[in-house]
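Report on the following structure.
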Amino acid sequence: MKTLFKILIVFFLSSSPLRAETFALLSEYNFFQNIKGQVPNKGVIPYHIANPLFSDYTYKFRFVSMPDDSMASYNHEQVFDFPIGTTIIKTFAYPVDDRNLKKGFQLLETRLLIHKKEGWIPVSYIWNDNQTDAEREFIGKTIETSWVDKNGVSQNVRYRVPNINQCKSCHQLNKVIKPIGPKGRNMNVDFLYEEGKKNQLEYWEFNELLTNLPKKKISKPAIWDNELFSVPERARAYLDSNCAHCHRKGGSAGNSGFYLSLEQADGVALGIRKRPVAAGRGSGGMAYVIDPGKPEDSILLYRMASTDPGIMMPELSRSLNHKEALPLIYDWIKEIE
């Protein structure tokens, strides 16, 4: 059945605009002066977001390429309005040894979102074994790999590159594909540029890459793993970055009535004493998405802690538990009255 699915996908894409409008190799875009080292060419802007999506402990190298003499328009709660011709670039990689990043990385895949007149087009590139280039792939792939973690322990993982349709499940809003990460509150953090460490919003504005930045001071985002912030602030920041792209009105999980964006203020919509839309294995026999004060009886934590494909959330981009985040969500639910 899987083979038949792949044949159908390849047949469909053989005449698709994706094949005609995208290059076969990542190197053909000329984004990098050193493609293996992920060193961008002039005009390709590296960036970072405050709370990256957990993807089985991969590192991510992010870049934006905009047409010459063009600018993005600032938006605090939504993704910047990027000009047509923009490409958002994200490479997923594992460090050889997470205790010493100078040993290098194994590059796994590079995902592009290309802004055409007709909208945003997603396309993925899978890196070859020699790490010299990445080849366009529409049907996804499972990569068996390993890395040494921060504790010196070798970790094995089956990293899954999503197929083209799975990209839509996270990036679709009201049935239109959109970027997720580069929005104002996510970008209001420092980044180490060649010139030194600078605030990203200020850097973009100074270099005429961003317009409509508010004159008033913009609040800094809570960082989920920074204990200077409160447990609720950290938990909400984590859920916003890991869940809200689907769990929002118009998202792929919009029919759940369970929304996890930072802007969500209604307790029931946030999951508190909310009954699940559908029962079954995914609910674990529990009554509420969030049972206040009872994390062990809350569907949210149950699904986050599972690695069963029929239960776990998020459904994509992970096969491992995020060990550091689960206690945070536990503590947050424990505090809710």
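The values are calculated or read from the model by the stated rules, or taken from the named source; none is laboratory data. Note that the coordinates shown come from a computational prediction; the quantities given were computed from them, not determined experimentally. No Cβ is skipped: glycine too gets one built from the backbone with ideal geometry, and neighbour counts run over all protein chains shown.
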What about residue 285, is it farther than 18 Å from residue 254 by Cα and modelled with pLDDT under 95? yes
Answer yes if at least one residue in region 236-254 is small (Gly, Ala, Ser), surrounded by fewer than 18 Cβ atoms within 10 Å (Cβ to Cβ) and not in a loop (DSSP other than H, G, I, E, B), and no otherwise. yes
Filter region 255-289 for residues that are over 30 Å from residue 186 (Cα atoms) and of a type in the set (Lys, Arg); the one that is surrounded by the fewest Cβ atoms within 10 Å (Cβ to Cβ) is 281
Taking region 255-284, which residues are under 25 Å from residue 178 (Cα atoms) and assigned to a helix (DSSP H, G or I)? 255, 256
Please specify each residue of region 181-210 satisfying the condition of being closer than 13 Å to residue 245 by Cα and either assigned to a strand (DSSP E or B) or touching a helix residue (DSSP H, G or I) at 6+ places or on another chain (Cβ under 6 Å) (or both). 183
In the list 110, 142, which residue meets the criterion of being among the hydroxyl-bearing types (Ser, Thr, Tyr), within 21 Å of the chain's Cα centre (by Cα), within 23 Å of residue 43 (Cα to Cα) and outside any loop (DSSP other than H, G, I, E, B)? 110
Criterion (of a type outside the set (A, V, I, L, M) and free of Cβ contacts under 8 Å to residues at least 24 places away in the same chain) met by exactly one of 104, 140: 104
Filter pass, residue 233 being assigned to a helix (DSSP H, G or I), out of contact with any Ser or Thr (no Cβ under 6 Å at 6 or more places or on another chain) and without any contact (Cβ under 8 Å) to a residue 60 or more places away in the chain: yes
Among the hydrophobic types (A, V, I, L, M, F, W, C) and either closer than 20 Å to residue 225 by Cα or touching a helix residue (DSSP H, G or I) at 6+ places or on another chain (Cβ under 6 Å) (or both): which single residue out of 320, 270 fits that description? 320
Every residue in region 64-92 that is aliphatic (A, V, I, L, M) and in contact with a helix residue (DSSP H, G or I) (Cβ under 6 Å, 6 or more places away or on another chain), please. none
Scan region 56-70 for residues that are among the small types (Gly, Ala, Ser) and without any contact (Cβ under 8 Å) to a residue 24 or more places away in the chain and jot them down. 70
